1. Here's a check for you: in the stretch 67-104, which residue that is open to solvent by less than 50 Å² (accessible area, probe 1.4 Å) and among the aromatic types (Phe, Trp, Tyr) is nearest to PHE146 (Cα to Cα)?
2. Identify, by number, the condition in (1) under 21 Å from THR168 (Cα atoms); (2) without any contact (Cβ under 8 Å) to a residue 24 or more places away in the chain; (3) open to solvent by 20 Å² or more (accessible area, probe 1.4 Å) that GLY144 doesn't meet.
3. Could you identify the single residue in TRP89, TRP135 that is under 11 Å from the mean Cα position of the chain (by Cα), part of a loop (DSSP other than H, G, I, E, B) and under 29 Å from ARG50 (Cβ atoms)?
4. Of everything in the stretch 150-172, what is open to solvent by 50 Å² or more (accessible area, probe 1.4 Å) and either modelled with pLDDT under 90 or closer than 14 Å to PHE104 by Cα (or both)? Give them in sequence order.
5. Which condition number in (1) closer than 25 Å to THR168 by Cβ; (2) open to solvent by less than 50 Å² (accessible area, probe 1.4 Å); (3) basic (Lys, Arg) is the one that LYS119 fails?
6. Going residue by residue through the stretch 84-96, is there one that turns out to be in contact with a Pro (Cβ under 9 Å, 6 or more places away or on another chain) and among the polar types (S, T, N, Q)?
7. Among the residues of the stretch 64-78, how many are under 12 Å from HIS113 (Cβ atoms), among the β-branched types (Val, Ile, Thr) and either modelled with pLDDT under 90 or part of a strand (DSSP E or B) (or both)?
8. Could you tell me whether any residue of the stretch 92-108 is over 18 Å from GLN166 (Cα atoms), assigned to a strand (DSSP E or B) and in contact with a helix residue (DSSP H, G or I) (Cβ under 7 Å, 6 or more places away or on another chain)?
Amino acid sequence: MSALGFAEGKDQHWVVLGKGGATSDVHATPDLRMQTEDIPVVGDWNGDGRPKVGIFRKGLWFLDINGTHTHSKAIGWGQPGDIPVVGDWNGDGRTKIGVFSKGFWYLDMDGSHQVTSSKIIGWGQMGDIPVLGDWNHDGKMKIGVFRSNTWFLDTNGSHQLNAASQITADVK
């Protein structure tokens with residue numbers, strides 16, 4: 001799932017790209033309108049199989065959980081400057097939020113929006129580029145970072161670096 005936001009005059013629209021290239025045009029209501037430093041996010045927040053839009057704004061998440069083009073409530077998860085990430089961390093069919101900050105991942109693994117030590121993962125370092133994927137095809141999104149032509153991927157979801165985790169690529 002992907003999303004593109006664009007403005008037409010005073011109106012803002014989201015174009016949501018779904019599976020198989022299907023698109024839908026979503027008119028942004030005032031509470032889901034983008035501001036200068038906002039980062040758009042897309043996910044299936046409620047598990048109904050349909051992508052919905054959201055905004056990460058300086059550590060706050062505004063998610064269209066029910067597909068009504070409005071956010072249900074602001075969720076505090078992260079800080080200004082953090083990089084927002086989304087994924088189905090536990091394989092339950094619902095997209096959940098997270099942030100990457102200075103080599104640490106803060107993932108809302110169960111969708112409760114409560115930070116616990118088990119949701120904080122040291123994987124990477126300051127300056128790394130966060131990457132996400134279902135590296136072993138088990139239906140759960142996993143973390144990784146890219147640094148100086150090398151990928152460090154949590155290939156099995158254990159959050160432990162092993163020989164299979166490091167992939168060096170000749171990028172030119």
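The values are calculated or read from the model by the stated rules, or taken from the named source; none is laboratory data. This one's a predicted model, so the numbers in the text were calculated from it and none came from an experiment. So basically every Cβ, Gly included, is an ideal-geometry build from the backbone, and we count neighbours across all protein chains shown. Protein only, heavy atoms only, side chains kept; ligands, DNA and RNA dropped before computing areas. Shrake-Rupley method; radii C 1.70, N 1.55, O 1.52, S 1.80 Å.
1. The qualifying residue nearest to PHE146 (Cα to Cα) is PHE100.
2. Only one criterion is unmet by GLY144, namely (3).
3. On the way: TRP135 fails: under 11 Å from the mean Cα position of the chain (by Cα).
Of TRP89, TRP135, the one residue that is under 11 Å from the mean Cα position of the chain (by Cα), part of a loop (DSSP other than H, G, I, E, B) and under 29 Å from ARG50 (Cβ atoms) is TRP89.
4. Residues satisfying the conditions are HIS159, GLN160, LEU161, ASN162, ALA163, ALA164, GLN166, ILE167, THR168, ASP170, VAL171, LYS172.
5. LYS119 satisfies every listed condition except (1).
6. For the stretch 84-96, residues in contact with a Pro (Cβ under 9 Å, 6 or more places away or on another chain) and among the polar types (S, T, N, Q): present.
7. Of the residues in the stretch 64-78, the ones under 12 Å from HIS113 (Cβ atoms) are 65, 72-78.
The next check asks that each one be among the β-branched types (Val, Ile, Thr); those that pass are 65, 75.
From what is left, the residues that are either modelled with pLDDT under 90 or part of a strand (DSSP E or B) (or both) are 75.
Going through the stretch 64-78 one residue at a time, the tally reaches 1.
8. Checked against the condition, which is being over 18 Å from GLN166 (Cα atoms), assigned to a strand (DSSP E or B) and in contact with a helix residue (DSSP H, G or I) (Cβ under 7 Å, 6 or more places away or on another chain), the stretch 92-108 yields at least one hit.
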